[in-house]
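*Asks:* Encoded as C-alpha cells, here's the structure I'll be asking about.
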Amino acid sequence: MSGNEKFLKVDNLVVEYTSGGEIVHAVNGVSFSLERGETLGLVGETGAGKTTIAKSILRILPDPQGKVRNGSIRLDGVDLLELSEREMQGIRGNRVSMVFQDPMTSLNPVMKVGEQIAEVIRKHNKKMERPAIQKAIEMLELVGIPGSRAMEYPHQFSGGMKQRVVIAMALACKPDLILADEPTSALDVTIQAQVLEMITELKIKQNTSMILITHDLGVVGNVCDKVAVIYAGEVLEYGDKLEIFLNPSHPYTVGLFGAIPDLSVKSRRLTNIEGLPPDPFNLPVGCCFSPRCKNVREDCFKRKFPLQQIGEKHYCSCGYAPLGF
Amino acid sequence: MERVIEIKNLKKYFNSPRGMVHAVDDVSMYIEKGQTMGVVGESGCGKSTLGRTIIHLQEKTEGEIFFNGRDISHPKQKELKELRSSLQIIFQDPYSSLNPRMTVEETIQEPLKIIRKMNGEELRGETERLMELVGIDRRLRLSYPHELDGGRRQRVGIARALSLNPRFIVCDEPVSALDVSIQAQILNLLMDLQDEYGLTYMFITHNMSVVRHISHKVSVMYLGQMVETSPTDELFEHPLHPYTNALLSAIPTTDILHPRKRIILKGEITSPVDPEPGCRFAARCAYVSDGCKKTQEMREILENHFVACCRAEEIYQDKINLEEREP
Amino acid sequence: MISIRTRFRTKKEGREKSESTLHATFMRLCRNPTAVFGGIVFIILALLVILAPWLTPYDYAAYDTKNLFQPPSPAHWCGTDQFGRDILTRLLYGGRYSMSMGFIAVGFAAIGGVSLGSICGYIGGRLDDIVMRFLDIFQAIPGILLTICMAAALGNGFDKVIIALSLTRIPSIARLMRGSVMKIRGMEYLEAAEAIGCSKARRIIKYVIPNSMAPVIVEVTMGIASTVLQLATLSYIGLGVQPPTPEWGAMLSDAKRYILIKPYMIMFPGIFIALTVLSLNFLGDGLRDALDPKLKD
C-alpha cells in the first residue's frame, strides 16, 4: 500500500564529468519520483544524460571523472548518495539492479550463464536452502530459456537470448528497482517485442519498479506509466504518459513526436528539429533548447524556466508552452 | 516505366566453417526509375548482402543482374569501372564509413579524382557544389570525421555517393545509427534529392515506419528469401505473409489510444547455414502446414502484391472474416 | 567505446583549419612527462652527436702516448683510453655511427615490414599463409643470434651490418602491421573506397596503411633503441665496425679488459648507451599512449 513517502525520489541531481581538464555538465538539476511497481520512461537522444542518471543511482559513475555535485537520491527515504561503498554493494544487484544496452558485451564470455546468475544470488544471500545454481535455472526458465542451457557459454546464445540472461541476472534477487538502459535497442523488432513483453510480465508479477531509458517513444508508449523527457541534462517535460502523449507541450517533445515516421500518419515530409544537441562543455545560457526552438522568444535566451504544472500529472519547463503556438 | 535495376534468381552463398551460408537465396525483383524500393527484414535476412551484390561490391554466386536493360551479370574490368559511376551506396555507420585520416574535402574528392579525373579549379568547384547540395557548411571542408557528428558524417557519405552522378543508390540503413531528430533531416534530404535528380533507391532498413515514409514499393526478406513484395500502402494495409504480419505488429507505436494486438513469435531465428528446402519461416509460423516444406513460389494474391506463402489466400480470408466480425 | 569528448564534438564549426590526428597526438604526447623527458634527452644526445666536431678539439683516432689511461679531468672530461685517445670525443663521434646505423637499419626494416605486413594482412589467403610461415622460420631463431649469424655470414663493413640488423627486424614489424591491418579490414570505409573505384593498391596505400600504422610507429621507436643495443653487441664480439671506428659497443669491448683498474673506461660508453635506449623507450611508451586516445579517457 502506498504511503506518502515515494519509493524513489531524485531531487535536483547534478553530475559532472571532467575530461582533459574541462568539465562536462552531464546532468543539471534533475528531479523525479517513482512509486512501487511504476515504470518511468527516461526519454532523450544521445548525450542527453539519461545513462548518467541511472549510473548515479547505482553509484557506478567512472571514478574519478564522474562526480555527483549536488542533489539526493532517496530510496525508501534513504539517500543512496550518503551510503558507504560497502552499503552500496549490498544494494547493487539486490535492491537495485541494472540491465545494460549491449547484450553482446554485458556477459562474461568465459563463464557459463547459469554460473553468472548464481554468482549474483550467492553474493546477496548468506544462507540458502538450495544451491544457488538451482535458483539460477529457475530464473532462466522464468525468462523463457530452457534450464538445460544453464551450462552453456554466452557465445552460444543469440542476441535476444543473451539479453534475457542479463534480465534474469537483474531479477535474480527480486530487486525493488530495475534500471534498464535501452535494453532492447540492439535487438531486432520481433525479438524486442518478445523481450519487452517478458519484462512487463515479470515486473507485474514481482511488483518491481522500473526506470526504462530509451530514445524510442513507441517503446515508452507501450511499457511506461510515467515519462520524463531529458535534454542537455535537464528534465523538459515530465508526468503521466497518457497526458504527455495526448498533449505534448514542450517544443522539444513536440519536435520528437513529429520527427518520428509514424505508421498511422501518412505525410511525405517529416517535421524535423533543426540544429544539433548542445555542446555540454558549453551549455547555452538560458533555456537549453533555445538555440533550436522554432518558437523561441527573446526571453528564452536569458533565463531558465523551472518545471511548472500544466496538467493534473503533467509538468513542463517551457515558459511559453501552455499558451500554445 | 523503365526498369533501372532488375535481378533474376539472384543467389549469394558464403562458405563458412559451419557450412554454406545462404545469405541471399533466389531473389527476383525490379525497381523502376525514380522509385524507392524498400527492403525490410531483421538481422540475418540478407538485405545488406543483397544490396552489395547488386552493385558488384560482392560477387554473386548465381543469377542475373540487369541495369537499364543491359545484362551486367558478369562485367569485365573496364565495364565494372564505368558501373561504379552509375551504381552507388550509402552506408549505415557514419562512424566507420569515412576514412578517419581524410578530411571532408578529400573524401568527396576521391571519386572525382579517380573516376571523373578532375583536378584544379574544376575539382574545387564540384566539391563545393556537392557540399552545398547535401547541406554541409563550406567551412567544414578541412574537418576530419571525428570532429563531426553522425548526421554531418552521413551527409559526407551522401555527397561522396552523389559525386559520380549515379542513377541507382543502395541506401544501407542510412539513418539507423542517427538520433531521431537527425534522422528526419537526412530522410528529407534523400527524398529531396530523389525528386530533383530522378534517382532510384534501394532503401534497406529494419525500421518499418521509416520505410513507409520513403518507399514506393516494399519487399520483405526473411533468412535470405523474399517473402512478400508490393506497393507500400498496400503492404501496410494488407500484409499477407505471416512474417510481415508479425513484423508490423511488433512495432511499438506512439498511438497509444489504439494499441495494436501484438503477434509474439515463438522461438528464435533458424540458421541460414545449409538450410532445409521450403519456407524458412515455418519453424516460427502459426500457420505452418505440410505444404510449407516445398519451395514457396511468389504468387500474385492481390493486385501487384506478391507473396511466397502456400496458405496466403486462406490467411487473407481469415483476416477479412475477423475484421468483418469486429466493428 | 567512444570517448565522452568525441561523442559531444560539435565545436570546430566554422573553422578553416582543423585539428588533424597528427596535431592531436602531438599535444597528447606533450602532456606526458616521461615522454617529454625522453624526448628532451634524446634530442640533446642527438645534438651532441651531430655537433661533435664543434664540441671537441680532439681527434678521435689520434694517439697520445703521453696521456695514456688518464682518469676524468678538466682536460679530458671522460678520461683517456689505452691509446691516450679522449673518450668523450670518441663517444660523440661514435654516437654518429651507433645512432645513424640504428635509424637506417630500422628505417629499412620499417619499409619492408610495413609493405609485407599490409599486403599480407589486407589480401590474406594463400599469399598470407606462405609469407607468414616464411617469417615464422625467421622468428623462431632468437633475434641476437640471428643477427650474429647474418653479420658473420655477410662479413664486415657498415652496409653489411645494416643489412643484418634490418633483416632481423622485418618479421616482427611485418607481423605487427599485419595484425593491425586485419583489425581494420572489415571497416566500411574500405568498402566505400572500392565502391568509388579505388584500386586495391590505392586502397592499401591511402586507406589501410595510414589507419593501421600506430602500433608500428611505437615498435619502430623502440626498435631503434634495440638496434643500437644489437649493434653494440655485434661490435662487442667483433662483428660490427672495425677499429679505430669509435662505435659505443666496440668501446665497451675494448674497456672490458680494464674494468677493475679503470672503471671509467667502461662506465661512460655504458651510460651513453643506456641513456639513448632509455630515452627512446620513454618516447615510444609515450607515443603508444598518445596514439591511442581511448586509453587516456
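*Asks:* Any idea how far apart B:Asp233 and B:Glu121 come out in nm if each label point goes 7 Å out from Cα toward Cβ?
*Replies:* Modelled inter-label distance: 5.1 nm.
*Asks:* Sticking with this structure for a sec: Could you work out how far the C-alpha centroid of region A:303-321 sits from that of region B:251-327, in angstrom?
*Replies:* 46 Å
*Asks:* Pairs of alpha-carbon atoms within less than 8 angstrom and 6+ residues apart define the contacts here; what relative contact order does region C:226-271 have, in percent? Before the final figure, lay out the partial values.
*Replies:* Values: 43 pairs, mean separation 13.3, N = 46.
Value for region C:226-271: 29 percent.
*Asks:* Treating the angle as unsigned and between 0 and 90°, give the value, to the nearest 10°, between the Cα long axis of helix A:189-206 and the longest Cα principal axis of chain A.
*Replies:* Approximately 70 degrees, to the nearest ten.
*Asks:* Compactness ratio of region C:197-297: Cα Rg over 2.2 N^0.38 Å, N = residue count?
*Replies:* Details: Rg = 19.8 Å, N = 101, 2.2 N^0.38 = 12.7 Å.
With N residues counted in region C:197-297, Rg over 2.2 N^0.38 Å equals 1.56.
*Asks:* Can you give the direction-averaged projected area of the convex hull of the alpha-carbon atoms in region A:75-182, in nm²?
*Replies:* Numbers: hull surface 29.2 nm².
Projected area, direction-averaged: 7.3 nm².
*Asks:* Could you state the angle between the C-alpha long axis of helix B:104-114 and the longest principal axis of the C-alpha atoms of chain B, as a value from 0 to 90 degrees rounded to the nearest 10?
*Replies:* 90 degrees
*Asks:* Hey, could you grab the Kirkwood Rh for region B:144-224? Inverse mean 1/r over distinct alpha carbon pairs, Å, one decimal.
*Replies:* Details: mean 1/r = 0.0739 Å⁻¹.
This gives a value of 13.5 Å.
*Asks:* May I ask for the percentage of alpha-carbon pairs in region C:192-236 that lie more than 12 Å from each other? Walk me through the intermediate numbers first.
*Replies:* Values: 682 of 990 pairs.
Beyond 12 Å sits 69 percent of the P(r) for region C:192-236.
*Asks:* If exposed trypsin sites (Lys or Arg not before Pro) are those in a DSSP loop with at most 14 other Cβ within 10 Å, what is the longest stretch of chain A that has none? Mind dumping the intermediate values first?
*Replies:* Details: sites that count: A:Lys126, A:Lys127, A:Lys266, A:Arg268, A:Arg269, A:Lys294, A:Arg297, A:Lys302, A:Arg303, A:Lys313.
Longest gap between qualifying sites, sites excluded: A:128-265.
*Asks:* Would you kindly derive the ³J(HN,Hα) couplings of region A:243-258 from the backbone phi angles with the Karplus curve 6.51 cos²θ - 1.76 cosθ + 1.60 (θ = phi - 60°), listing them in order in whole Hz, with x for Gly and Pro?
*Replies:* 4, 6, 5, 7, 9, x, 10, 5, x, 5, 4, 4, x, 4, 5, x
*Asks:* Which of A:Met104, A:Met169, A:Met128 ends up with the largest GNM mean-square fluctuation for chain A, with Cα atoms connected below 10 Å?
*Replies:* A:Met128
*Asks:* Another question, then. Accessible area per residue for the protein assembly as shown in Å², computed with a 1.4 Å probe and the full protein assembly in place, what is it?
*Replies:* Details: 42030 Å² over 949 residues.
For the protein assembly as shown, the solvent-accessible area averages 44 Å² per residue.
*Asks:* Past 23 Å, Cα to Cα: identify those pairs from A:Lys6/A:Lys203; A:Lys9/A:Lys203; A:Lys67/A:Lys241, in the order given. Don't skip to the end; give the middle numbers.
*Replies:* Numbers: A:Lys6/A:Lys203 18 Å; A:Lys9/A:Lys203 20 Å; A:Lys67/A:Lys241 31 Å.
Distance filter (> 23 Å) returns A:Lys67/A:Lys241.
*Asks:* Using label points projected 7 Å from each Cα along Cα→Cβ, tell me how many nm separate B:Lys294 and A:Asp11, to one decimal.
*Replies:* That separation, rounded to one decimal, is 7.3 nm.
*Asks:* Can you bin region B:75-213 into rounded, prolate or oblate? Criterion: square roots of the alpha carbon gyration tensor eigenvalues sorted a ≥ b ≥ c, rounded for a/c under 1.5, prolate for a/b above b/c, oblate for the rest.
*Replies:* Oblate.
*Asks:* Excluding ligands and nucleic acids, what accessible area in Å² is computed for B:His216 using a 1.4 Å probe, to the nearest 10?
*Replies:* Result for B:His216: roughly 70 Å² accessible.
*Asks:* While we're looking at this one, here's another question. Which FRET efficiency value, to the nearest 0.05, do you get for B:Asn321 and B:Ile256 by plugging their Cβ-Cβ distance into 1/(1 + (r/R0)^6) with R0 = 35 Å? Spell out each step's value before the answer.
*Replies:* On the way: r = 28 Å, r/R0 = 0.80.
Working from the Cβ atoms, E equals 0.80.
*Asks:* Same structure again: What translational diffusion coefficient, in µm²/s and rounded to a whole number, does the Stokes-Einstein relation yield for region A:1-152 at 20 °C and a viscosity of 1.002 mPa s, taking the hydrodynamic radius as the Kirkwood radius over Cα pairs?
*Replies:* Values: Rh = 17.8 Å.
The Stokes-Einstein estimate is 121 µm²/s.
*Asks:* Quantify, in whole percent, the carbon and sulfur part of the accessible surface of chain A (1.4 Å probe; protein heavy atoms only). All intermediate terms of the calculation are to be shown ahead of the outcome.
*Replies:* On the way: 7220 of 14080 Å².
After summing per-atom areas, the C and S share lands at 51 percent.
*Asks:* Enter the angle in degrees (range 0 to 90, nearest 10) between the Cα long axis of helix B:77-86 and the first principal axis of the Cα atoms of chain B, meaning the one along which they spread out most.
*Replies:* Approximately 80 degrees, to the nearest ten.
*Asks:* Sticking with this one: For B:Lys8, go through the lysines and keep the ones whose alpha-carbon is under 28 Å away, minus same-chain ones fewer than eight residues off.
*Replies:* List returned: B:Lys33, B:Lys47, B:Lys60, B:Lys76, B:Lys78, B:Lys81, B:Lys217, B:Lys293, B:Lys294.
*Asks:* Just report the Cα centroid separation between region C:91-117 and region A:180-218, whole Å.
*Replies:* 59 Å
*Asks:* Here is a follow-up. For chain A, which semi-axes, largest first and in whole Å, follow from the square roots of 5 times the eigenvalues of its Cα gyration tensor?
*Replies:* On the way: eigenvalues 251, 101, 69 Å².
Each semi-axis is √(5λ); the values are 35, 22, 19 Å.
*Asks:* Treating cross-link reach as a plain straight distance, find the aspartates and glutamates whose alpha-carbon is under 20 Å from the alpha-carbon of B:Lys113, omitting any fewer than eight places away in the same chain.
*Replies:* B:Glu79, B:Glu82, B:Glu105, B:Glu121, B:Glu122, B:Glu126, B:Glu128, B:Glu132, C:Glu191, C:Glu194
*Asks:* Determine the total buried accessible area between chain B and chain A, counting protein heavy atoms only with a 1.4 Å probe; round to the nearest 100 Å². Mind dumping the intermediate values first?
*Replies:* On the way: alone 16780 and 16430 Å², together 29350 Å².
Looking at B and A, the buried total is near 3900 Å².
*Asks:* What does chain C give for Rg and for Dmax, in Å, if only its C-alpha atoms count?
*Replies:* 23.0, 77
*Asks:* Shifting gears a bit: At 20 °C and a viscosity of 1.002 mPa s, what translational diffusion coefficient does Stokes-Einstein give for region C:93-156, taking Rh as the Kirkwood radius over Cα pairs? Give it in µm²/s as a whole number.
*Replies:* Values: Rh = 13.8 Å.
Translational diffusion coefficient: 155 µm²/s.
*Asks:* May I pose another question? In whole percent, and with a 1.4 Å probe on the protein chains, what portion of the accessible area of region B:1-45 is carbon and sulfur?
*Replies:* On the way: 910 of 1960 Å².
The computed percentage sits at 47.
*Asks:* Still on this structure: Could you tell me how many cubic angstrom of Cα convex hull volume region A:141-264 has per residue?
*Replies:* On the way: hull volume 16.3 nm³, N = 124.
Here the figure is 131 Å³ per residue.
*Asks:* Oh, and also: In whole angstrom, note down how far apart the Cα centers of region C:33-77 and region A:103-148 are.
*Replies:* Distance between centres, Cα-based: 68 Å.
*Asks:* Ignore the peptide's own chain and count Cβ atoms of other chains within 10 Å of each Cβ in A:213-223; give me the average, rounded.
*Replies:* Across A:213-223, the average partner-chain Cβ count within 10 Å equals 4.
*Asks:* Also, quick follow-up: Give me the inter-chain shielding for B:94-105: mean count of other chain Cβ atoms within 10 Å, whole number please. Show your work: numbers first, answer last.
*Replies:* Numbers: counts 1, 5, 8, 7, 4, 11, 7, 10, 6, 2, 1, 0.
Partner-chain Cβ atoms within 10 Å, mean over residues of B:94-105: 5.
*Asks:* Highest GNM mean-square fluctuation, chain C, Cα pairs closer than 10 Å: which of C:Arg169, C:Arg178, C:Arg28?
*Replies:* Of C:Arg169, C:Arg178, C:Arg28, the most mobile in the Gaussian network model is C:Arg28.
*Asks:* How are the Cα pair distances of the protein assembly as shown distributed, in percent, across 10 Å bins from 0?
*Replies:* With a bin width of 10 Å, the distribution comes to 2, 10, 16, 19, 19, 15, 9, 6, 3, 1, 0, 0, 0.
*Asks:* In whole Å, what are the extents of chain B along the principal axes defined by its C-alpha atoms, from largest to smallest?
*Replies:* Projected onto the principal axes, the Cα atoms of chain B cover 68, 50, 42 Å.
*Asks:* May I pose another question? What is the diffusion coefficient of region B:1-139 in µm²/s, taking the Kirkwood radius over Cα pairs and the Stokes-Einstein relation at 4 °C with a viscosity of 1.567 mPa s?
*Replies:* On the way: Rh = 17.4 Å.
The Stokes-Einstein estimate is 74 µm²/s.
*Asks:* Taking all protein chains as present, what is the carbon and sulfur share of the accessible area of region B:216-327, in % to the nearest whole number, probe 1.4 Å?
*Replies:* 54 percent
*Asks:* If you plug each phi of region B:305-321 into the Karplus form 6.51 cos²θ - 1.76 cosθ + 1.60 with θ = phi - 60°, what whole-Hz ³J(HN,Hα) values come out, in order, with x for Gly and Pro?
*Replies:* These are the phi-based 3J(HN,Hα) values: 10, 9, 9, 9, 8, 5, 10, 4, 4, 4, 4, 4, 5, 3, 4, 4, 4 Hz.
*Asks:* Let me ask another. Lysine pairs, Cα distance under 23 Å, 8 or more residues apart or cross-chain: how many in chain C?
*Replies:* Qualifying lysine pairs in chain C: 11.
The values are calculated or read from the model by the stated rules, or taken from the named source; none is laboratory data. Keep in mind that this is a model prediction, so the values were computed, not measured. Note: ideal-geometry Cβ built from the backbone for every residue, glycine included; neighbour counts use all protein chains shown. Accessible surface is based on the protein model in full, side chains and every heavy atom, while ligands, DNA and RNA are left aside. Shrake-Rupley method; radii C 1.70, N 1.55, O 1.52, S 1.80 Å.
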